[in-house]
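Participant: Here it is, the structure in full.
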Amino acid sequence: MVDGLGLRERKKLRTRRALIEAALHLFEEKGYEETTVAEIAAAADISTRTFFSYFASKEDVVFFDGQARVDEIIDMIARRRAGETVVELLLRVGELGMARTLAETDRLMELTPVRTRLIMSVPVLQARALRLLFDTQLRLAEALHRAYSEEIDLVEAAAAVGALVGAAKLATMACLNRGDPPERIWETVRRAIEIAVRGLQSVGAPPAGPGVLPPARGRRDPADDLSR
């Protein structure tokens, strides 16, 4: 948490946030291609050289929260709790993603629609987003398969990750297109995760025949915890 950081770390975090805010505002006002790194640095009251100690490019500012979060989730999967089922772990992963989003974007939440519009309208950002999405899901699927190698194969792991990520992503996009406020978005994403988790109960079960639903597995539905 920010309160537990030293003075130097807090200063770096404030500078990083200032860069993100300045960049997204400039991209919205001037256009992504028209905005220079020097202009972003000047708006954040730092030098261009200092900018590159935080981000390697303009693209990286837009995708400021990606790599660290993925690494944290992969570490969580690798350190799964004893006896934790695939569904229970994925539910915990989804909740962590939401918690980190809220913590990282407390003041940046209002800029989420801006970032989304940029990603959906700027070709270079669209390409980067798709590449990151597929690469991230593959990494998560491989990590999940390693963690449950005796229970699920890579295809099942990929399907489970795709269901969870897809539900959260599409729910977010639907909210943004509808013009929902940030706090409503997080509520909707939580509901989407619940729906996805309910559909993942058959992960690890023997394949059912055509037109046959897999039998109930007699296990507590962790999604029920979300609706309480």
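The values are calculated or read from the model by the stated rules, or taken from the named source; none is laboratory data. Remember, predicted model here, so these are calculated numbers, not experimental data. Reconstructed Cβ throughout: ideal geometry from the backbone, glycine too, with neighbour counts over all protein chains shown. Please note that ligands, DNA and RNA were not included when accessible areas were found on the heavy atoms of the full protein model with its side chains. Shrake-Rupley method; radii C 1.70, N 1.55, O 1.52, S 1.80 Å.
Participant: Among the residues of region 1-50, write down those that are among the acidic types (D, E) and under 12 Å from V62 (Cα atoms). Outline the logic, then answer.
Facilitator: Applying the first criterion (among the acidic types (D, E)) to region 1-50 yields 3, 9, 21, 28-29, 33-34, 39, 45.
Listed by number, the residues that qualify are E21, E28.
Participant: I need the full set of residues from region 65-86 which are open to solvent by 60 Å² or more (accessible area, probe 1.4 Å) and free of Cβ contacts under 8 Å to residues at least 60 places away in the same chain, in order please.
Facilitator: Of the residues in region 65-86, the ones open to solvent by 60 Å² or more (accessible area, probe 1.4 Å) are 67-68, 71-72, 75, 78-83.
Across region 65-86, the qualifying residues are Q67, A68, D71, E72, D75, R79, R81, A82, G83.
Participant: Right, here's the next one. Taking the condition open to solvent by less than 30 Å² (accessible area, probe 1.4 Å), more than 15 Å from the chain's Cα centre (by Cα) and either modelled with pLDDT under 90 or of a type in the set (V, I, T) (or both), does V122 pass?
Facilitator: For V122, the condition - open to solvent by less than 30 Å² (accessible area, probe 1.4 Å), more than 15 Å from the chain's Cα centre (by Cα) and either modelled with pLDDT under 90 or of a type in the set (V, I, T) (or both) - is met.
Participant: May I pose another question? Out of all the residues in region 46-61, which are assigned to a helix (DSSP H, G or I), among the β-branched types (V, I, T) and surrounded by 15 or more Cβ atoms within 10 Å (Cβ to Cβ)?
Facilitator: Across region 46-61, the qualifying residue is only V61.
Participant: Right, something else. Among the residues in region 93-102, are any modelled with pLDDT of 80 or more and closer than 18 Å to A143 by Cα? So that I can check it myself, show each step before the final result.
Facilitator: Of all residues in region 93-102, those modelled with pLDDT of 80 or more come to 93.
This time we only want the ones that are closer than 18 Å to A143 by Cα, so: 93.
Within region 93-102 (the criterion being modelled with pLDDT of 80 or more and closer than 18 Å to A143 by Cα), the answer is yes, since at least one residue qualifies.
Participant: May I pose another question? What number of residues within region 18-45 are assigned to a loop (DSSP other than H, G, I, E, B) and open to solvent by 40 Å² or more (accessible area, probe 1.4 Å)? Explain how you work it out, then say what you get.
Facilitator: Keep residues of region 18-45 that are assigned to a loop (DSSP other than H, G, I, E, B), which gives 31-36, 44-45.
Subset that is open to solvent by 40 Å² or more (accessible area, probe 1.4 Å): 33-34, 36, 45.
The total comes to 4.
Participant: Pull out all pairs, ordered by first then second residue, where Cβ-Cβ is under 9 Å, the residues are six or more apart or on different chains, the first lies in region 38-49 and is touching a residue at least 12 places away in the same chain (Cβ under 8 Å) and among the aliphatic types (A, V, I, L, M), and the second is in a helix (DSSP H, G or I) and open to solvent by 60 Å² or more (accessible area, probe 1.4 Å).
Facilitator: As it stands, the answer is A41/R49; A43/H25, since those pairs meet every condition given.
Participant: Now a separate question. Taking L89 and the conditions (1) in a helix (DSSP H, G or I); (2) open to solvent by 20 Å² or more (accessible area, probe 1.4 Å); (3) more than 20 Å from V124 (Cβ to Cβ), which numbered condition does it fall short on, given that it satisfies the others?
Facilitator: (2)
Participant: Could you check L154 against (1) open to solvent by 60 Å² or more (accessible area, probe 1.4 Å); (2) under 27 Å from D60 (Cβ atoms) and say which number it fails?
Facilitator: Failing condition for L154: (2).
Participant: Applying the selection to region 1-17, what residues are open to solvent by less than 70 Å² (accessible area, probe 1.4 Å) and not in a helix (DSSP H, G or I)?
Facilitator: Answer for region 1-17, where residues must be open to solvent by less than 70 Å² (accessible area, probe 1.4 Å) and not in a helix (DSSP H, G or I): L5, G6.
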